[in-house]
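Structure first, commentary second.
What follows draws every value from the coordinates through simple rules; no lab data is involved. Remember, it's a predicted structure, so these values are computed and weren't measured experimentally. All Cβ positions, glycine included, derive from the backbone under ideal geometry; neighbour counts span all protein chains shown.
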Amino acid sequence: MLLSALNHTQLATADLEPPSHPSISPTIRLVSAPEPGSQAPGRSEVGLLGGFRLILDDVPIATGPTVQRMLAALVCLGRQAPRNKLAHTLWPDASSQRAQSNLRTTLYRLQRQAPGLLKSTKTDLQLAPEVRVDLDSTRSFALTLLNIRPCEETEALRLVPWTDLGRDLLPDWDDRWLIEYQSSYRRLRLDALERLADLLTCKKQYGAAVQAALAVIHADTLRETAHEQLIRAYLAQGNRHDAITHYTGYARTLRDELGLDPASTLNELLWSKAS
């Protein structure tokens, strides 16, 4: 959700460290503008990015951890799953009978709090199709970004305010079944932010491009492609001092952490553009 430069999204930063210390990642919060129609009556949503949220008819619903995990697992499995697969995912160490019993109890609790949120048959469970899921919309947008060629004219940037590329999938959860989904989404998110930084640089929206690159570095301090994208944005912006200072700090961190030097292509990019 990065479009302060496109007048839709504010990019809020807090306690930003100087670019000479890339090992101390800035705390970057990406704040989206309200989605048109998001306050319409009847809105229902399951939110998994940054933490769990359940909204039913515009009202936040407080649910217990077991209900939260059932809904999260159902979303990760594609919004629909066989009962036995969902039960085994959530209670892998329990017997099949016990896992199915746990699932029935959890379903009963959810149906009392949020009737109609799930469609249920004897064999399957499905999230109601009208329920919005932030993971679905943001993942779809990230894939759209990755399919855009560098500097290609695109209307996709108009969708940025209604996505949440700044947050990971349930970052405070450590459930075994969730690890693969968290890792996969995180890779997609960071790749999409880098592509977004590139597209914004091409559109001469340099401030937003810098913030997109910084968001990646905040998530992965040693990710070299993100540092390259940030330096490109600084240089395109005309801030050669920021570019050189950031490169120097990154090179120092890389040597301290891994005993490596930045790639020669990054060095060539910096000095060819800065000279």
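Which of the GluC sites (Glu not before Pro) found in region 137-220 are loop residues per DSSP with 13 or fewer other Cβ atoms within 10 Å of their Cβ?
GLU152, GLU153, GLU155
Can you give me the convex hull volume of the Cα atoms of region 45-127, divided per residue and expressed in Å³?
89
Semi-axes of the equivalent ellipsoid of region 152-201: what are they in whole Å, largest first, if each equals the square root of 5 times a C-alpha gyration tensor eigenvalue?
Calculated on Cα positions only, the semi-axes equal 27, 11, 8 Å.
Enumerate by residue number the trypsin sites (Lys or Arg not before Pro) in region 97-141 meeting two conditions: DSSP loop (anything except H, G, I, E, B), and at most 16 other Cβ atoms within 10 Å of the site's Cβ.
Here the trypsin sites (Lys or Arg not before Pro) that fit, given the DSSP loop and packing criteria, are LYS122.
Please enumerate, by chain and number, the aspartates and glutamates with C-alpha under 18 Å from the C-alpha of LYS203, excluding those fewer than 8 residues away in the same chain.
GLU152, GLU153, GLU155, GLU194, GLU228
Test of the criteria: in region 178-222, which trypsin sites (Lys or Arg not before Pro) are in a DSSP loop and have at most 11 other Cβ atoms within 10 angstrom of their Cβ?
Passing sites in region 178-222 are LYS204.
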